[in-house]
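Have a look at the structure below, then the notes.
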Amino acid sequence: MRHCAETLEINLQPLYESIAWPLAKKFGHCYDAFSKAITDEDQVFEGIEMAAQVKEALMSQIKRRLSPQAVKVRSDFEVTCFSYEGIDAIKAALFAGEAAGSNKDVTVNIKLIAPPLYVMMASSMDKTVGIEALNKALDAIKMEITNRKGRLVVKQEPHAVSEKEEASLAEELKALELQNTEVDGDDDGSDDE
């Protein structure tokens, strides 16, 4: 409410009297009314007189502050296969894991950190749904790789990731990418002498 008043350069007291207090009386608390307004704006503000610009400013703040945020989940694991199929077996297992864990709500992504270490990530509105998706993916990878005489070792079980962990992973991936770029003096391995 305060932000709307400052943005529109109007007094805060009339906003509370005409919007906040009637909503609090109707829904028990303004927070409950604002949470419901995200999905059913017309029903929440029915019978409350306010200018269109006030409603627009208020809804933009409500959506920005109260919309649910996706939770990121992550798992680290190693996949190895020293049989004849080798890398093809690993690829097949990783693709099977992505397919098994992904659904309409969650998309599982697997990235190589440094052989044989991989990271699996997903975003979900519900933490348990995201963790279940990663567990399904790990089960599929394990089944596929063991059928091809390979091995899966889970280094870090699926868990919710903080922004700090996500930033450190991004830095680690960037550093590994820099290490793998060719520099002056790298040769193609042929000896023409």
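Coordinate-derived values only; no laboratory data. From a predicted model like this one, the values you see are computed outputs, not experimental measurements. Neighbour counts are summed over all protein chains in view; Cβ atoms, including those assigned to glycine, are modelled from backbone coordinates with ideal geometry.
Simple spin-label estimate for Q13 and T107 gives 5.2 nm between the two label positions (7 Å along the Cα-to-Cβ direction from each Cα).
Working from label points 7 Å from Cα in the Cα-to-Cβ sense, the A114 to N147 distance is 3.3 nm. If each residue of separation counts as 0.36 nm, what is the full-extension length gain between D126 and S67 once their alpha-carbon separation is subtracted? That pair, D126 and S67, stretches by 19.9 nm at full extension. Each listed q (0.22 Å⁻¹) maps to a log10 I(q)/I(0) for region 71-180, found by the Debye formula over equal Cα scatterers with no solvent: -1.16. Centre-to-centre, using Cα atoms only, region 85-134 and region 30-48 are separated by 38 Å. With both labels modelled 7 Å from their Cα along Cα-to-Cβ, the Q43 to S60 distance reads 2.7 nm.
The value for region 1-59 of Rg(Cα) / (2.2 N^0.38 Å) is 1.02.
Which entries in K127/K149; K63/K164; K25/K164 show an alpha-carbon gap greater than 31 Å?
On the way: K127/K149 33 Å; K63/K164 25 Å; K25/K164 41 Å.
As for pairs spanning more than 31 Å Cα to Cα, those are K127/K149; K25/K164.
One chain, two ends: K155 and W21. Fully extended at 0.36 nm per residue, the span grows by 43.0 nm beyond their Cα-Cα distance.
Applying 1/(1 + (r/R0)^6) with R0 = 45 Å to the Cβ-Cβ distance of S35 and L176 gives a FRET efficiency near 0.60. For the chain, the mean residue ellipticity at 222 nm estimated from helices alone is -15500 deg cm²/dmol, where every DSSP H run of n ≥ 4 contributes -39500 (n - 2.57) and the total is divided by all residues, rounded to the nearest 500. Local charge for V129 was computed over the other residues whose Cβ lies under 15 Å away, with Lys and Arg +1 and Asp and Glu -1, and equals +2. Across the chain the C-alpha pair distances fall into 10 Å bins from zero in the proportions 8, 24, 19, 16, 15, 11, 5, 2, 0 percent.
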